[in-house]
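Below is one structure, written out as structure tokens, with a few remarks after it.
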Amino acid sequence: MQTELLVIGGGLGGVAAALTAARLGHRVVLTEETNWLGGQLTAQAVPSDEHPWIESAHISAGYRELRGRIRDYYRRNYPLRPEAAADPELNPGLGNVSKLCVEPRVAVAAIDEMLAGYVSAGRITVLYEHVPVAAETDGDRVTAVTVEDRRTGGRVTLTAPLVVDATELGDLLELAGVEHVIGAESQDETGEPYAAPVADPTDQQAITWCFPLEYRPGEEHVVDRPASYDHWKTHVDPFWPGPQLSWEKIDIHTMGGKTNRIFEADLDAVRVPDLWHFRRIRARTQFAPDLVDTDISLVNWPNIDYWEAPLLGPGVDETARERALRRCKELSLSYLHWMQTEAPRPDGGHGYPGLRLRPDLTGTADGLAKTAYIRESRRVKARFTVLEQHVAVVDRPEGAGAEQFADGVGVGHYNIDLHPSAAGVNYVNLEAYPFQIPLGALIPVRMRNLLPANKNIGTTHITNGCYRLHPVEWSIGEAVGALAAQCLATGTEPHAVADSATRTEDLQRLLTGTLGAPVRWPDAIRVLRPSQASSSATPVLALPERRTAPAA
């Protein structure tokens, strides 16, 4: 199968790249490992982590359209209360984490709507449940990618002038022999104050197998006890305040231990700092009470982070990776079983047997997400690498904001948020200024026709922690799709665009003018710390301890 742009991976970055190129007149083949497009928002079941300006004009028109279509889908199809339906900033879940907490399947429907016209016209071809298994190269170019149908084992060889790696783990970087990094770089390599003293490929953020729950008091919905339950109930890692099957966690604002609870107040309250309200994706108060009488919360909570083993790196073959994924799923099911049967309640009792999985919301038989939530990938060695010193408040001059890039092709914001890692490293959480996505971070040092469009761009282990979230991934994909379209329309290649100030400015005008995607923040915003953005923003974070080299 031949096309103009080949996009491997149907997460938010892959969808945005494919949609952007199609809107600009080009034919695209888009592959996806599951039967849902959307990646972390859908198949991984993670409600969107977004910045304080997400409802403003300072986001891309494409991402704004996605959020608008999600809200409109609820208005068309769900029994919303009139006041909820009329709210222009409708939040069906009223979750604390985002201004738009929704069921994964609704986000899938909205993405499908965005692509529908282009799919019907043959502009976009989607190959669901296809994974890359091989790549052919000729010098510094990818000439073909072979994908395999997970259902039948059948294989298709795909060719295109330009290829995008939007996979969750940067699979094409390895298959095509593209220079890349796995895990943590050393302080000597990057100069980052919070980098590891010694490079460690096993230092990869925890993965998480998420799942939605509703609570039906008085009912019994207890899942089977997993085989590894006793391990998670008794084992305590040195950096964690207790067993993972507990209410104990690390408070990233103090870096000390903290006791959580699933329910701290009336279920119908808002902005309650408990687990249930954190990622609630359906608040019953938003819907007609004669039909919807329960909440649904999405469990992506600290105690189901799996940091026992990495998914990538030396010695991690397919067997080891599958074992880690299986153990990750068992941890999630163990935590659910513990909450249903043994978790201490404020009334002195134990367990909430009325907690019920909702497999209809994830499209799976077991009720868990289709795939694990991946926070860290292989990262391309790019012409430019975004460092901690470019974005972290603690490393920047007072009031300077993040580093300004003349080749900016998108904007984003999130704190540098590193979850515990497979190397036994605890949280690293640093305030970051609103930042740009530099074009140089999307251009491999050598490969001429391959572009990254997920968590595999030119960041470090540290800065991946703020470039990995939903709206940033979308903007990365949008920039890559626009760059590919420019190259196809003008007969040039990505390196030539990056080498030319004029061509880079042409790309920026394409993004800001035709696509409505900002490439820099207004001065009034770019110098703000998150704690200055709004009264409900995250409090100032305690600085984690800097790591020291191990004794000889």
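Rg and Dmax of region 423-507, based on Cα coordinates, read 14.5, 49 Å. Geometric descriptor of region 160-227, per residue, is 245 Å³ (volume of the convex hull of the Cα atoms). Dividing the mean sequence gap of close Cα pairs (under 8 Å, 6+ apart) by how many residues region 123-173 holds gives a relative contact order of 27 percent.
To check you understand DSSP bridge types, tell me what percent of the beta bridges within the chain (both residues inside) are antiparallel, rounded to 5. If I count the DSSP bridges inside the chain, around 70 percent turn out antiparallel. For region 1-159, the Kirkwood radius over C-alpha pairs fed into Stokes-Einstein at 37 °C and 0.692 mPa s yields D = 193 µm² per second.
Between the helical axis of 470-490 and the longest alpha-carbon principal axis of the chain there is an angle of about 20 degrees.
With only Cα atoms counted, the chain has Rg and Dmax values of 22.5, 70 Å.
When the inverse distances between all different Cα atoms of region 290-336 are averaged and flipped, the Kirkwood radius reads 12.8 angstrom. Dipole magnitude for region 10-79: computed about the Cα centre from +1 point charges on Lys and Arg Cβ and -1 point charges on Asp and Glu Cβ, it is near 340 debye.
Taking amide H as placed 1.01 Å from N in the peptide plane, the amide H of THR125 sits under 5 Å from that of VAL28, VAL29, LEU30, each at least 5 places away or on another chain.
Straight distance only, please: which lysines reach the Cα of LYS455 with their own Cα at less than 27 Å, same-chain residues fewer than 8 apart left out? Partners found: LYS99, LYS249, LYS329, LYS370, LYS381.
Distance from the C-alpha centroid of region 1-37 to that of region 305-373: 31 Å, rounded to the whole angstrom. Using C-alpha pairs under 8 Å with a sequence gap of at least 6, the mean separation divided by the residue count of the chain gives a relative contact order of 21 percent.
Think of the chain as having a plus end and a minus end, set by charges on the Cβ of Lys, Arg, Asp and Glu; of GLY242, LEU291, VAL445, LEU291 sits farthest toward the positive end of this dipole. When the alpha carbon gyration tensor of region 466-522 is reduced to an equivalent ellipsoid, its three semi-axes come out at 20, 13, 11 angstrom, largest first. Overall, the chain carries a charge dipole of about 760 debye about its Cα centre when +1 sits on the Cβ of Lys and Arg and -1 on the Cβ of Asp and Glu, all other atoms neutral. Amide H contacts for ALA199 (H built 1.01 Å from N in the peptide plane; partners 5 or more residues away or on another chain; cut-off under 5 Å): SER186. Working from Cα pairs under 8 Å separated by at least six residues, relative contact order for region 339-389 is 18 percent. The protection proxy used here, the mean number of other Cβ atoms lying within 10 Å of each residue, ranks peptides 150-159, 205-214 as follows, highest first: 205-214, 150-159.
No lab work stands behind these numbers, since they all come straight from the coordinates. Just so it is clear, the model here is predicted, and its values are computed rather than measured. Cβ: placed from backbone, ideal geometry, glycine included. Neighbour counts: every protein chain shown.
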